[in-house]
Each structure stands twice: as structure tokens, then as C-alpha cells.
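Worksheet: the structure to be examined is printed underneath.
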Amino acid sequence: MSTKKVTFTAVAVGIGLVAVSACGGSGGDSTKAGSKSVTLVSHDSFNVSKDVLKDFEKRSGYKVKVLKDGDAGAAVNKAILSKDNPQGDVFFGVDNTLLSRALDNGLFQSYEAKGSDKIKPEYRVDRDKHRVTPVDSGDICVNYDKKYFADKKLAPPKSFDDLLAPRYKNLLVTENAATSSPGLGFLLGTAAKYGDKGWERYWKQLRANGVKVVDGWEQAYNEEFSGSAGGKKAKGDRPLVVSYASSPPVEVLYGKPQPKEAPTGVATGTCFRQVEYAGLLSNAGNTKGGKALLDFLAGEEFQEDMPLNMFVNPVREGTKLPELFTEHGVTVDKPQTMDPKKIAENREPWIKSWTSLVLK
């Protein structure tokens, strides 16, 4: 979901999710030879059930420390800047929009996780060097506040084109494409939809229609969006937000009292497919523990645990989805996608152009 984990993550995804554990500094105890501690660096939306994590710790003998380092985009940038003296052993949460940046900067070392053969073929990349392991997928989409549109007797938008209509003026909030993974995913979705030149024209029109841009997913969803139930601050006044197709089940699970129906919906014609990866950091202090942790992330137990913790789809073939996730989530049959090579070639100039068009 990112976040991201850019944190939908994300592919960025859960509401008020609690950290499993946290640590600071340069990898903590995991930098010591023979250490029985292993550190996972990730975005703020990483989450795992305590019993699942404890089971891994018992079987492997490694105590897991989790360092949550902001939105996914910010976390990736920090990891690259500190790659010579990393904060941990494994990084989780780099997605397909930022993958080339991580690989080109030598963030990861080669390791083919056990169980990689069970991962769906369409998600496997870097097959020659095995520097990253696919962990989850999700769809970055515009979400809408059902109550707002019902009260206004206004049909919610369904597509990118719809968002330009005058009836949706000043209703949408999105994340900064330069600092947030869902924000960047939304930009790439428009580029995939309208082409190399058409996306700029689209964003000029979107800006004219009053789109609001904030730094990251937490601010957009939990502060600016009127449909969020999990934000710590007062609800915002924007009934449209760039989030995830899996956000409605989050609202159901964390709603107090728990609603029978999700209070938010998804505009399925605005979606971009996000895939999140994990990798063994190049200068990890505990490579053996890091490899064991990557095996765990690709394994059946963690993959089955993800949907109701990070609200993303498992990439392991045959993984069963929980009923709440399938009942209240949305299946996106035709998300926008883009070849990773094209993302790598265009991401930086597109972000620069987007910033000039939208933020200045």
C-alpha cells in the first residue's frame, strides 16, 4: 500500500497503525558480528501481527527491530543517503516508482529469498541479480467520502477525466509527487493515461480545478480528507483524496463503532498499480539475519498476515485473502501501469515538470 509504505505506500495505507518496535542510530545491535538482532528499515505504514513476528523470532533466533522512517519516498531517500552506514539490515517499502533510483544508487546487495519461486511472475524484476524481493501490490486510486456525495446528491467521480469537471472543483487533495509514493503513483497514472505530453495538459487543468497538494499520505488522508475515521486531528473538508483501493477495509476495521459498510469508496478509473519490494542493504551489519528476514517477508505466514495489517495484496501465489478485505475492498481490473524502464527514464524530469506546473 503502500506506502507505503511515499510512504501507500503506499504504498501508505493503514490508519493509526502502531509501530511494532522502533530504534534509532546506525542499525543498533545488528551491526555487531554474530548479532542475534536484525533491523528492518521501512516506511510508517509497515505493520505485522505480534504473534506472527514472535513466531519468526522464535524460529530464527533473531530479535527484530523495526525503524519506521516516514513516508516511503522520504524513507527511500534517507536510505540512499545513509547507504555507507545504514540504519539497519533490510529495507522494505521501495516501490516500482522508485526502484530504479534505489538500484542505481547501489542500495541493495544480491540475495534470492527462499520462496521466491512462489511469487507471481509479473512482479519479479531484477531476475539476474536478485537485489530485491517483491512483497506486496496495491492500487493507488482516488477515494471518496460517500456521505459527502450522498448529502450533496452528487455522483462521485469514476475516472481521471471526471476529476476535471467543474462539479468537483476544490474537492481533491493529493500528495506531493516529489516526496510521496502515492503522490508519485498518481502522477505516473496520469502519464500512463494521457501520454508523455498529455499529462502536463491534464495537470494544468487539474490545478485550475482546485487540486490541493500536501507533503504526504498521512496529512492528505487523516487531516485533509473529510471521510477519514482514523485521523488524530479534526476532519478536513476535501471529500476526494489520493489513497489506495484497499483503504475502505481500513475504515471498516478501525471504525468506532465498526460500520457494516465502508464510509469511503474508490474511483476505479483513477488507479495506478504499485508493487513494493524489500532488499538486503549493501552494507548491512547482519547479513545472515537480513537474509532470514527476507525469507520471512516472502513466506506464507507473513503474506497471509499482510492484508489486514498493511492493507495490501500478497504477491505469493495461492495466498488466501481475509473476508473483510475482499468484502469491503475493491478489485481494480484495469489499473494504469508503466514499464519500470520508462519510469526510470522519465521520473526525475516528470517530477521537475510537475513541480513547476503544480506548485509554482
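Between their Cα atoms, which of 54/320; 54/256; 197/334; 147/212; 118/235; 78/129 are more than 30 Å away from each other? Over 30 Å apart, Cα to Cα: 118/235.
Out of all DSSP beta bridges with both ends in the chain, state the antiparallel percent to the nearest 5.
Within the chain, antiparallel bridges account for around 60 percent of the total.
One decimal place: the segment residue 327-residue 110 gains 74.3 nm when fully extended, by the rule 0.36 nm per residue minus the C-alpha distance. Note on residue 161 and residue 50: the model spin-label points, each 7 Å out from Cα along the C-beta direction, lie 5.1 nm apart.
The loop-placed GluC sites (Glu not before Pro) in segment 292-340, going by DSSP, that have at most 11 neighbouring Cβ atoms within 10 Å of their Cβ come out as 317.
Packing around the peptides 282-294, 168-180, taken as the average count of other Cβ atoms within 10 Å per residue, puts them in this order, highest first: 168-180, 282-294. The GluC sites (Glu not before Pro) found in segment 218-275 that occupy coil by DSSP, while having at most 15 further C-beta atoms within 10 Å, are 261. Pair-distance distribution of the chain: all C-alpha pairs, bin width 10 Å, starting at 0; shares per bin in whole percent are 6, 28, 35, 22, 8, 1, 0. Under the simplified labelling scheme, the residue 150-residue 360 pair shows an inter-label distance of 4.5 nm, with each label point 7 Å from Cα along Cα→Cβ.
Bear in mind these aren't lab numbers, they're just calculated from the coordinates by the rules spelled out. In this text, all values refer to a predicted model and were calculated from it rather than measured experimentally. As a convention, Cβ positions derive from the backbone with ideal geometry for all residues, glycine included, and neighbour counts pool all protein chains shown.
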